[in-house]
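A quick write-up on the structure given underneath.
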Amino acid sequence: MRNAEPPTEQNTDEDDCPICGLPLKYPALSRFDNKTYVCGQCGQSEGTGFLFALFDDSQRIMLQDREWANTYGLTEWQAHCIVIAAINGSTLGYQKITREAREQLREYMDTPNKELLPPIYVDEDAEYTVVTKTLKNKLEEE
């Protein structure tokens, strides 16, 4: 960790993100103190928190609890940076799974032999209904 506290002065054109070290190309105001600028990715992770992270309940509780920060003598800022870095890493995993699912869906859509396709289950209340209905309609047209 670079600093025990967030920077007090920043030049968004020249400085790097105080959490991850990437350039502040499109800075976001950190939710930590509403004064510190962070990069867009860290800002998004602060905003969405654990929404798009692949943590199980015990991991999420541990990161939110932050008692571990006291155990290791970390400042609030240092603990915040560790949590955001963990969310960033988990978010990359979530994006990978989403990308793989999208590729698999494309393969299914391009498959001429419908018998090779897995069964399609449509949950009318789910957000993916449009995608599955579109795929189902495409297959029925063939």
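Read-outs: derived from the displayed coordinates by stated rules, not from any lab. Quick caveat: nothing in here was measured; it's all calculated off a predicted structure.
So the values come out like this:
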| read-out | value |
| --- | --- |
| Region 1-110 shape via C-alpha gyration tensor axes, a/c threshold 1.5 | oblate |
| Value of relative contact order over region 23-84, rounded to a whole percent, pairs C-alpha under 8 Å and six or more apart | 25 |
